[in-house]
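Contents: one structure, followed by commentary.
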């Protein structure tokens, strides 16, 4: 049985934009032998972005998140002190505190992170590339990968792109599944 911690955007895409997910990620998310987790950090991130009007949802997060957790048979992962303290031990590949907490949780819980954020590939954590398309062949260690934002890396004087020494994206083979993406049956 594999354990997958869903990055916030992957969980949201599952319900709001499933075409943005890779077919392998969808198969694994539908597989009842896979234990899916959504961190309380993701719920916090969603609530903040919703309150700031940076995220549109069909209903407020207080109703949206619990009903989708149940519908998708996703287990809520609480934030423990050990998770929060693990963040201090992580290298500073980027500054997103929610992502850093997810990485710490995945490391301590022995879970693979399902994400489409290339910066996760820089950390010592198993990654399931869940975005449609191929995982990037190069990852930038600065704040944003090359070409993100208005000015890009060269204008900011950031360091060079660093080729990944090893692709840490795990290849997990799902078992045959009969469910539809967010309609996965609870165990």
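The values are calculated or read from the model by the stated rules, or taken from the named source; none is laboratory data. Given the structure is predicted, the values throughout are model-derived calculations rather than measurements. Note that we place each Cβ from the backbone using ideal geometry, even for glycine, and neighbour counts take in every protein chain shown.
Picking from 114, 76, which residue would you name as being under 24 Å from residue 15 (Cβ atoms), within 18 Å of the chain's Cα centre (by Cα) and buried (at least 17 other Cβ atoms within 10 Å of the Cβ)?
Testing whether each residue is under 24 Å from residue 15 (Cβ atoms), within 18 Å of the chain's Cα centre (by Cα) and buried (at least 17 other Cβ atoms within 10 Å of the Cβ) leaves just 114.
To keep it simple, each residue is scored yes or no on (1) more than 24 Å from residue 100 (Cα to Cα); (2) modelled with pLDDT of 95 or more; (3) more than 16 Å from the chain's Cα centre (by Cα); (4) not in a helix (DSSP H, G or I).
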site	(1), (2), (3), (4)
4	no, yes, no, yes
10	no, yes, no, no
15	no, no, no, no
29	no, no, no, no
37	no, yes, no, yes
43	no, yes, no, no
46	no, yes, no, no
59	yes, yes, yes, yes
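Restrict the check to the stretch 83-93 and report whether at least one residue is at pLDDT 95 or above, under 15 Å from the mean Cα position of the chain (by Cα) and not in a loop (DSSP other than H, G, I, E, B).
no
Give the residue that is surrounded by the most Cβ atoms within 10 Å (Cβ to Cβ), with candidates limited to residues of the stretch 58-72 that are in contact with a helix residue (DSSP H, G or I) (Cβ under 7 Å, 6 or more places away or on another chain) and within 22 Å of residue 105 (Cβ to Cβ).
This residue is 72.
Filter the stretch 48-57 down to the residues that are in a helix (DSSP H, G or I) and out of contact with any helix residue (DSSP H, G or I) (no Cβ under 6 Å at 6 or more places or on another chain), then identify the one that is farthest from residue 113 (Cα to Cα).
So, considering only residues that are in a helix (DSSP H, G or I) and out of contact with any helix residue (DSSP H, G or I) (no Cβ under 6 Å at 6 or more places or on another chain), the one farthest from residue 113 (Cα to Cα) is 51.
Which residues, counting only those in the stretch 117-132, are in a helix (DSSP H, G or I) and buried (at least 24 other Cβ atoms within 10 Å of the Cβ)?
Once the filter is applied, which keeps residues that are in a helix (DSSP H, G or I) and buried (at least 24 other Cβ atoms within 10 Å of the Cβ), the stretch 117-132 yields only 120.
Checking the condition at negative phi, surrounded by fewer than 23 Cβ atoms within 10 Å (Cβ to Cβ), touching a helix residue (DSSP H, G or I) at 6+ places or on another chain (Cβ under 9 Å) and in contact (Cβ under 8 Å) with a residue 40 or more places away in the chain, which residue from 20, 27 passes?
Answer to the selection: 20.
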